[in-house]
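See structure below.
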Amino acid sequence: MATLQLQDILFSQGFGTRRVCAGLIQQGFVAVAGAICAQPATEFIADGSQFTVQGVDWQYYEKAYLMLHKPAGYECSQKPSTYPSIYTLLPAPIRQRGGGAAAGVQAVGRLDQDTTGLLVLSDDGKFIHRMSSPKHHVPKVYEVTTKHAVDDKQIQKLLAGVVLDDDPKAVRAATCVQTGLNQLSLTLTEGKYHQVKRMLAAVSNRVEGLHRSRIGGLRLPADLLPGQWCWLSETDLTSIHS
Ligand code: URA
């Protein structure tokens, strides 16, 4: 297994420039497997290594895969226009992986500012591309609260396909289940701009609340509260594709 200098391990995980990482180590702020290491060039096997920076525990990940329970009132952009960015909910080393900005951690399928629920983020470009590509049809499940009562006609239209203003090709819900008088559970396999809101408008209804509960086979865990994030396990990563 390849070894990496401790300063490179910290650098690759987003703790700052090499100089900043070396400084943290020299000042005694970094421990590996519980023992302080003050030599930036000391080599460790990176894979699976556990380290502590300024008292906070971290694990080395060559690529980061995580999920966030997005609260309302946050934008998915790194450079938001009006509301705070979802990236402010992530610790700085995650935001800064890969040098930050566009090369760093990105979301799979953005959510509107007022939408809540499951966001998957990664700095693995191939993974982001595969998950976001319209070719792969990864199903996404949305719990929708509507302004007007839902009726059978609306459900049939959503399943048959509705035309959105900018595209003559109809878009349809893969599944559409009424879960309350003003509630629907909708599965989409595409991700057009404001798609759920525009689909509901096309059947003369209106979205009052929108929550994403699932991407592929990955569900938002009940104990991950709004604003909280966690790493994705191997099982989570497999389940996304199922
Ligand atoms: N569709 C929408 O209209 N908004 C979202 O945030 C996600 C899907």
Diagonalise the Cα gyration tensor of the chain and give the resulting equivalent ellipsoid semi-axes, square root of 5 times each eigenvalue, largest first, whole Å.
42, 16, 15
Please report, in debye to the nearest 20, how large the charge dipole of the stretch 110-242 is about its Cα centre when each Lys and Arg carries +1 at its beta carbon and each Asp and Glu carries -1 there.
380 debye
Accessible surface, per residue, of the stretch 140-215 when the full set of protein chains is kept, probe 1.4 Å, Å²
52 Å²
Leading residue at positive end of dipole, the chain (Cβ point charges), from VAL171, GLY217, GLY34:
VAL171
Cα-centre dipole for the chain with unit charges at Cβ (Lys and Arg positive, Asp and Glu negative), debye to 20:
640 debye
Convert each backbone phi in the stretch 49-59 into a coupling constant with the Karplus relation 6.51 cos²θ - 1.76 cosθ + 1.60 (shift: θ = phi - 60°), then list the ³J(HN,Hα) values in order as whole Hz, x for Gly and Pro.
6, 10, 9, 10, 10, 6, x, 9, 7, 9, 10
Within 10 Å of each candidate Cβ there may be at most 13 other Cβ atoms; applying that plus a DSSP loop requirement, which chymotrypsin sites (Phe, Trp or Tyr not before Pro) in the stretch 165-242 survive?
TYR193
Mean projected area (nm²) from the convex hull of Cα positions in the stretch 3-59 is 3.1 nm²
What accessible area per residue comes out for the stretch 43-139, rounded to a whole number of Å², with a 1.4 Å probe?
49 Å²
Show me, for the stretch 196-202, the HN-Hα J-couplings you get by feeding each phi into the Karplus relation (A = 6.51, B = -1.76, C = 1.60, θ = phi - 60°), rounded to Hz, glycine and proline as x.
5, 4, 6, 5, 5, 5, 5
Could you pull out the trypsin sites (Lys or Arg not before Pro) across the stretch 107-158 that fall in loop regions by DSSP (anything but H, G, I, E, B) with no more than 13 other Cβ atoms inside 10 Å?
LYS147
Taking θ as phi - 60°, what are the ³J(HN,Hα) couplings along the stretch 64-77 by the Karplus curve (6.51, -1.76, 1.60), each to the nearest whole Hz, with x for Gly and Pro?
9, 10, 9, 10, 10, 8, 6, x, 5, x, 10, 9, 7, 6
Share of the chain's accessible area from carbon and sulfur, percent, 1.4 Å?
53 percent
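The values are calculated or read from the model by the stated rules, or taken from the named source; none is laboratory data. Remember, it's a predicted structure, so these values are computed and weren't measured experimentally. For neighbour counting, all protein chains shown are included, and Cβ atoms are generated from backbone atoms with ideal geometry for every residue, glycine included. The protein model used for the area step is the full one, side chains on, heavy atoms only, and it has no ligands, DNA or RNA in it. Shrake-Rupley method; radii C 1.70, N 1.55, O 1.52, S 1.80 Å.
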